[in-house]
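The values are calculated or read from the model by the stated rules, or taken from the named source; none is laboratory data. Since the structure is predicted, the reported quantities are computational estimates derived from the model, not experimental observations. Here Cβ is always computed from backbone atoms with ideal geometry, including for glycine, and neighbour counts include all displayed protein chains.
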Amino acid sequence: MHVFVDLPAEQYRAGLDFWSAATGWQPSRPWADHPEFVSLQPASGTPYVHLQRIDGPARIHVDLVVAEVEATRDRLAALGAATGDRHPWWQVMASPGGLPFCLVAEREALEVPPASIWPTGHRSRVAQLSVDVPDALHDDELRFWEAATGWRLDAAGPAHMPHLLPVEPAALQILVQRLGPEDNSSATRAHIDFGTDEIPTEVIRLQSLGAELVDDSHLPRWVVMRDPTGLLFCVTRQRP
């Protein structure tokens with residue numbers, strides 16, 4: 001699974017500068033034939049965080065790497081996914097709750113990049129995709145992502161925050177978070193979670209790069225932050 005930060009043109013440069021500095025990974029050249037895409041290149045391992053210039057508001061989407069695009073498209077459509085445009089090497093889709101994702105046929109084996117080690121000695125890495133689901137859609141959305149990925153449901157955590165854990169080495173795991181009644185969203189969205197072994201130090205580092213602390217009431221488990229383009233993300237105590 002790959003994660004994409006999708007940004008409108010006027011926010012793209014600020015977003016690219018922030019996410020490159022936040023991960024410690026240098027941006028690649030724009031992709032051949034698709035200059036709207038840039039990958040963040042770790043010193044070692046497979047890139048799995050990318051940025052895309054789009055027409056529309058900032059958002060997060062994911063790519064699922066599959067063996068057969070058409071067969072997987074048909075299977076996920078039968079599970080309630082919406083089918084969008086077919087491109088030469090990817091298929092646009094949306095989950096039953098409306099979260100955009102793509103299917104891609106990639107043959108390169110994944111090597112999970114190590115965590116970045118910062119001058120303070122603490123570590124961090126983009127470690128999780130949080131799928132944020134309105135209450136009425138949550139159970140169906142959880143069933144969809146469990147079936148779509150084939151990943152293992154970790155039942156040990158809170159019922160409103162179930163995790164899907166990869167069954168093979170992967171750069172990310174998935175949190176399918178049930179949004180509270182105070183959230184008036186009508187569709188599923190997503191955000192990125194950093195894993196770190198020192199949340200307060202990581203928060204200070206990210207603030208120095210232009211991020212804003214939004215909510216620290218969930219310490220010591222996580223804090224909510226906002227990047228310079230307005231996208232929310234979290235810093236968590238997950239193993240980086």
Of residues in region 1-59 being of a type in the set (S, T, N, Q) and part of a loop (DSSP other than H, G, I, E, B), the one surrounded by the fewest Cβ atoms within 10 Å (Cβ to Cβ) | 44
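Being touching a Pro at 6+ places or on another chain (Cβ under 8 Å), modelled with pLDDT of 95 or more, among the basic types (Lys, Arg) and on the phi < 0 side of the Ramachandran plot narrows it down to one of 143, 75, 125, so name that one.
125 is the lone residue from the list that is touching a Pro at 6+ places or on another chain (Cβ under 8 Å), modelled with pLDDT of 95 or more, among the basic types (Lys, Arg) and on the phi < 0 side of the Ramachandran plot.
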Going by the conditions given, is residue 182 more than 25 Å from residue 234 (Cβ to Cβ) and of a type in the set (Asp, Glu)?
-> no
So, first residue exposed (fewer than 13 other Cβ atoms within 10 Å of the Cβ) and aliphatic (A, V, I, L, M) in region 152-176, second residue at pLDDT 90 or above and assigned to a loop (DSSP other than H, G, I, E, B), Cβ within less than 8 Å, six or more apart or across chains; the pairs are 155/162; 165/151; 167/150; 167/151
